[in-house]
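The values are calculated or read from the model by the stated rules, or taken from the named source; none is laboratory data. Model, not experiment: these values are computed from the prediction. Here the Cβ positions follow ideal geometry from the backbone for every residue, glycine too, while neighbour counts run over all protein chains shown.
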Amino acid sequence: MIESALDVLGAGVLGLGLLLATIGLYGLLRMPDIFDQLHAAGLVTGPAVLVILLASVSTGSADIVTSAALVFVFVLVTAPLAGHTIARAAWLLAGADDDDASPGAPPRADSLSGDGMRTLVAYDGSDAAKRALGVAAQLAASGADIAVANVAPPLGEPDFAGSPEVEDPEQEMLLAEARSEVARSGTAAVTVRRRGDAVTELLAAAEELEPELIVVGSRGRGPLTAALLGSVSAAVAGRANAPVLVVGPTAVLGEGPIVVGVDGSEASLDAARAAARLDRSLGRGLEVVHSYTLRPIPGASAVPEARAELAQVDEQRAEELLAGVADALGVPREATQTVRNGSEPAALLGLARDLDATLLVVASRGRGAVRAALLGSFSMSILADAPCPVVVVPPGARASSPG
């Protein structure tokens with residue numbers, strides 16, 4: 001009698017479980033979108049499997065009960081994760097479709113290939129990043145294509161939790177803020193979401209997007225402090241595959257020309273080519289500068305004629321160097337000048353102030369991982385005191401080639 005009652009109860013509970021599962025299946029088939037489908041199925045899938053598990057108890061078979069319990073645990077663990085994954089994929093797909101359909105929506109990052117100067121801006125919401133974004137937006141008025149990259153900190157294990165696809169409200173807020181700022185200049189910025197080490201991820205984004213200019217903000221640390229603290233701007237400028245525009249705390253875009261220093265080295269010629277390319281995009285004019293110091297020859301001071309002759313030789317060499325650079329760049333000789341008896345950093349900084357320079361372009365002469373990260377004393381001294389944003393051109397930077 002008891003066994004018959006259990007059989008009837010088990011059959012009834014099993015029927016209830018199958019009914020709930022059928023309702024979930026109906027929801028999957030009939031609801032209008034993926035969110036409603038998952039919601040309908042999620043409401044009944046767990047209870048359905050639980051009821052079927054209870055129905056298996058009435059059989060009295062340990063094997064059946066164990067199998068049902070394992071199925072219940074499996075569904076309990078995988079259903080929420082699967083539902084989240086499917087919903088996330090559907091949301092991303094819908095967002096991509098919306099971007100394609102809406103003319104006012106920001107383009108995707110892989111569309112950073114317009115006619116303007118391709119620019120990648122690092123943005124983390126800090127004051128330094130806001131200054132960098134502001135300068136990039138001003139340059140955008142000259143037709144730049146802008147991508148704004150935000151690197152969020154890693155979330156830790158498991159690995160999939162650190163994926164850039166994991167929705168991060170703070171990151172989305174920062175990127176929306178950046179898009180709004182760039183939109184004021186009349187340009188739509190694309191956004192790049194990365195997660196991990198800031199320097200590593202920014203360099204990886206630059207490899208993928210191949211920008212002609214990378215823009216970063218600097219907090220204005222001195223050379224020694226920046227070296228000890230591992231400044232992100234210094235590390236990116238030393239290792240990037242494109243010129244890096246560093247915006248200091250007091251740097252502003254002037255109304256004058258782009259100033260670049262040359263000394264005849266291949267690194268300085270790379271910087272001059274990059275400066276010429278920037279001038280073609282911005283149309284601000286170009287000033288190529290060579291600074292030199294008269295050679296201290298022992299005994300020459302006692303013979304005024306010899307001292308004047310040596311000075312004339314040094315000046316002629318400087319003029320020949322600048323003439324060669326002007327010819328290589330295709331700029332008029334009037335766009336060059338020499339500065340005698342002055343250190344190169346002081347000469348460049350002085351001219352940048354006097355000419356109200358738009359940008360100051362220098363070469364990164366670091367060699368090897370450590371020196372490249374620190375940029376070297378020359379570049380760091382320029383970055384610390386420049387009145388305008390400074391473009392640091394790493395050796396072999398892609399955008400330094402003419403054309």
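Below are the figures for this structure:
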read-out	value
Hey, A274 at pLDDT below 90 and either charged (D, E, K, R) or not in a strand (DSSP E or B) (or both) or not	no
Region 309-345 - residue that is free of Cβ contacts under 8 Å to residues at least 24 places away in the same chain and under 20 Å from A363 (Cα atoms) and, of those, surrounded by the fewest Cβ atoms within 10 Å (Cβ to Cβ)	D327
Residues within region 340-354 that are within 19 Å of L286 (Cβ to Cβ) and more than 37 Å from the chain's Cα centre (by Cα), tallied	0
Pick from region 169-228, criterion among the β-branched types (V, I, T) and in a helix (DSSP H, G or I), ranking: modelled with the lowest pLDDT	T225
Selected residue (criterion: modelled with the highest pLDDT) from residues of region 277-299 that are part of a loop (DSSP other than H, G, I, E, B) and more than 24 Å from R317 (Cα to Cα)	G285
Subset tally (residues that are under 22 Å from the mean Cα position of the chain (by Cα), surrounded by 21 or more Cβ atoms within 10 Å (Cβ to Cβ) and within 17 Å of L213 (Cα to Cα)) for region 247-270	2
Single condition E344 does not satisfy, out of (1) of a type outside the set (A, V, I, L, M); (2) closer than 24 Å to T293 by Cβ; (3) at pLDDT 90 or above	(3)
Residue in region 300-317 that is at pLDDT below 80, touching a Gly at 6+ places or on another chain (Cβ under 9 Å), among the polar types (S, T, N, Q) and in the same structural domain as L351 (by TED's automatic domain parsing) present	no
